[in-house]
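Comments concern the structure below.
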Amino acid sequence: PTTKGGATGHDERLTCGEVVEKGLLNTQTWDQVQAAALAVFKCGQELARKAGIILVDTKYEFGCAADGSVVLIDEVHTPDSSRFWKADTYEARFAAGEDPENFDKEFVRLAYAEKGYRGDGEIPSMPEDLWVSASERYIQIYEMLTGTNFVPGAYPIQERLLENLRQRGLIE
């Protein structure tokens, strides 16, 4: 677990015990969060396995609704929140001491690190070819996981977002 905090606002690592000890959640709510996270991860691993991918790790963000119920918020199993490795080449590459073939944003992080950026200070501009590579990689993992072709949504996003919320009865 992590929480936002400190002077930088970056994620701060916590032990499971510290979540309750520091009063961030009570024991019952923390147990619900852990159970939900493990269930969603297991489902994600199964979907990834069927697509020939290993879901290595991920992050989930949880919140509490007005009634106190635990809700999963933000993205789930995207290249921004997860690490995916290609299953059929993993063992051979591991045995050879090579990095696994991946479908996540690590290459973007490495490109920024080469420029000296590690998350603090002014963010250097991203070259257009890096934007294109990231987009291509994200589309590839989407298509692998869903088994469907990627079709970009309409822009600007506001009307599409509002329509999705209306369809779910969340707004009128």
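The values are calculated or read from the model by the stated rules, or taken from the named source; none is laboratory data. Keep in mind it's a predicted model, so treat the numbers as computed, not measured. No Cβ is skipped: glycine too gets one built from the backbone with ideal geometry, and neighbour counts run over all protein chains shown.
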task = Determine whether region 20-36 contains at least one residue that is in contact with a Ser or Thr (Cβ under 8 Å, 6 or more places away or on another chain) and closer than 23 Å to Met144 by Cβ.
result = no
Expected single match for under 30 Å from Ile139 (Cβ atoms), of a type in the set (Gly, Ala, Ser) and touching a helix residue (DSSP H, G or I) at 6+ places or on another chain (Cβ under 7 Å) among Gly44, Gly63, Gly52 is Gly52
For region 65-122, the count of residues that are of a type in the set (A, V, I, L, M, F, W, C), assigned to a loop (DSSP other than H, G, I, E, B) and surrounded by 10 or more Cβ atoms within 10 Å (Cβ to Cβ) equals 2
Exactly one of Ala134, Ala96 is in contact with a helix residue (DSSP H, G or I) (Cβ under 8 Å, 6 or more places away or on another chain), over 30 Å from Trp30 (Cβ atoms) and at pLDDT 90 or above, and that one is Ala134
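In the list Ser69, Ser133, which residue meets the criterion of being of a type in the set (S, T, N, Q) and more than 30 Å from Ala36 (Cβ to Cβ)?
Ser133
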Picked from region 137-152 (must be without any contact (Cβ under 8 Å) to a residue 24 or more places away in the chain and surrounded by 10 or more Cβ atoms within 10 Å (Cβ to Cβ)), the residue farthest from the chain's Cα centre (by Cα) is Phe150
